Amino acid sequence: MPQKEDHVVSEAEWQVMRVIWNKQHTTAKEIYELLHESLDWKLTTVKTLLGRLVTKEWVQTTKEGKRFIYSPLLSQTDAMKLATDDFLARFCATTVGETIAEMIRTTPLRQEDLQLLRETIDQIHPMSITCTCLPGQCNCHHEKG
Ligand SMILES: [Zn+2]
């Protein structure tokens, strides 16, 4: 798994990752051909973004003949977990249930999504929560007396 500071990828890097996850093995040229019209990118833009993703260890590159092949080091599922953890860490742990409920309320969901959510909730056991907020960020445990 990447280091903490490598969690954060830009919107542009995410667009590239989406193609790499989908293709599994791809080249800068293929990504360029797929995305450049929608995103108004040059081939050099794609190569720069790929370089950053390799540095962040989200992507690996191997040489096949004269071509560089890019493939994911971080799975889409692991990236989803990192993104969700980062997002939920922005709120007091005691309000995470409320935050998730709001996401469910405001997100269009199919019948099978609702079924998955019901099954998931039924399998979860309640846990006690201690938040890690800094003083002044919430009122749930820093108040004295
Ligand atoms: Zn808190």
Restricting the stretch 95-145 to residues that are outside any loop (DSSP other than H, G, I, E, B) and of a type in the set (S, T, N, Q), the residue that is nearest to the ligand (Cβ to nearest atom): Thr95
With of a type outside the set (Phe, Trp, Tyr), under 25 Å from Val8 (Cβ atoms) and modelled with pLDDT of 95 or more as the only criterion, which of Thr99, Thr106, Thr95, Thr120 stands out? Thr106
Search the stretch 123-141 for residues that are of a type in the set (Ser, Thr, Tyr) and pair each with any residue that is open to solvent by less than 100 Å² (accessible area, probe 1.4 Å) when their beta-carbon atoms are under 8 Å apart and the residues are at least 6 apart or on different chains. Thr130/Ala93; Thr130/His141; Thr132/Ala93
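Considering only residues that are polar (S, T, N, Q) and loosely packed, with under 15 Cβ neighbours inside 10 Å, look in the stretch 72-94 and name the one that is nearest to the ligand (Cβ to nearest atom). Show your work before the answer.
First pass over the stretch 72-94, keeping only residues polar (S, T, N, Q): 75-77, 84, 94.
Keeping just the survivors that are loosely packed, with under 15 Cβ neighbours inside 10 Å gives 75-77, 84.
Details: Ser75: 31, Gln76: 31, Thr77: 28, Thr84: 18 Å.
Only one residue tops the list, namely Thr84.
With Leu39, Leu35 as the choices, which residue is farther than 23 Å from Lys81 by Cα, open to solvent by 50 Å² or more (accessible area, probe 1.4 Å) and not assigned by TED's automatic domain parsing to the domain that holds Leu82? Give the derivation first.
Numbers: Leu35 fails: open to solvent by 50 Å² or more (accessible area, probe 1.4 Å).
The match here is Leu39.
The values are calculated or read from the model by the stated rules, or taken from the named source; none is laboratory data. For clarity, every value in this text was computed on a predicted model and none was experimentally measured. We place every Cβ from the backbone using ideal geometry, glycine too, and count neighbours over all the protein chains shown. In case anyone asks, the SASA skips ligands and DNA or RNA and just uses the protein heavy atoms, side chains included. Shrake-Rupley method; radii C 1.70, N 1.55, O 1.52, S 1.80 Å.
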